Amino acid sequence: MNLLKRQRDAVGLSLFSDEVELHTLARTTTQHHQLLLYELEKMWLNQPQQKPTFVVNALHEIAENIHKRSLVIVFTDMMDNSERSDELFAALQHLKFNKHEVVLFHVMDKSKELDFDYENRPHKFVDLESGDEVKLTPKEVKTEYQKQSNSFLTEIKLKCAQYQIDLVEADINKGFHPVLLAYLLKREKLF
């Protein structure tokens, strides 16, 4: 938001779970930016427990409610879409069809979510959206888990390339500086 503000570009915000909970128009005023920061802080402080997300419906709704030729940046862990990736990419195509540029930040904890780096002892894994629990020893499932995770990530990369969607892998353990720097340097080379 601050990068776009410095360029005097208008910025809007959409927050969603299983439905769009907040959608603002894009504006350039300082007051509007303060409102967006307030909404983000409010969301951070009041995180509901066990609330499902469904990116697909939200993206279709957002595609219809923003100005043509917008830059749409989506931050998602992609976890709710592993079995419905075709629906997700149809929603992202809807954004592209409406002439939006789409950047997908795949937010993850690489060491836990991709490398499955856990001590070899029993663990309880809890789905934050449904509350479902699974008890297991990571070593028993690590190989198959990594195989499926890598397959899903490869599918995401291929679909993004096919639909001309910028995909940025954002490991939460690295912080936002390296992620943004790598992305901005990549964009600079394109122009």
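The values are calculated or read from the model by the stated rules, or taken from the named source; none is laboratory data. Keep in mind the model is a prediction, meaning the values are calculated, not measured. Reconstructed Cβ throughout: ideal geometry from the backbone, glycine too, with neighbour counts over all protein chains shown. Surface accessibility is based on the protein's heavy atoms, side chains included, excluding ligands, DNA and RNA. Shrake-Rupley method; radii C 1.70, N 1.55, O 1.52, S 1.80 Å.
Taking the listed residues Phe75, Phe125, Phe89, the one that is farther than 30 Å from Arg8 by Cα and touching a Phe, Trp or Tyr at 6+ places or on another chain (Cβ under 7 Å) is Phe89, with no other qualifying. Screening Asp86 on (1) open to solvent by 80 Å² or more (accessible area, probe 1.4 Å); (2) touching a Ser or Thr at 6+ places or on another chain (Cβ under 8 Å); (3) part of a helix (DSSP H, G or I) shows it passes everything except condition (2).
For beta carbons closer than 6 Å, sequence separation of 6+ or different chains, a first residue in the stretch 97-115 that is over 15 Å from Ala182 (Cβ atoms) and a second that is open to solvent by less than 40 Å² (accessible area, probe 1.4 Å), the qualifying pairs are Asn98/Ala63; His100/Ser70; His100/Val72; Val102/Val72; Val102/Leu92; Val102/Leu95; Val102/Ile165; Leu114/Ser149.
Where strands (runs of 3 or more DSSP E) sit wholly within the stretch 123-191, those with at least 3 residues that are under 22 Å from His100 (Cβ atoms) and among the hydrophobic types (A, V, I, L, M, F, W, C) occupy 166-171. A count restricted to the stretch 142-174 and to residues that are more than 15 Å from the chain's Cα centre (by Cα) and either surrounded by fewer than 14 Cβ atoms within 10 Å (Cβ to Cβ) or of a type in the set (Ser, Thr, Tyr) (or both) stands at 17. Got at least one residue in the stretch 93-112 being modelled with pLDDT of 90 or more, open to solvent by less than 80 Å² (accessible area, probe 1.4 Å), touching a His at 6+ places or on another chain (Cβ under 6 Å) and in a helix (DSSP H, G or I)? Yes.
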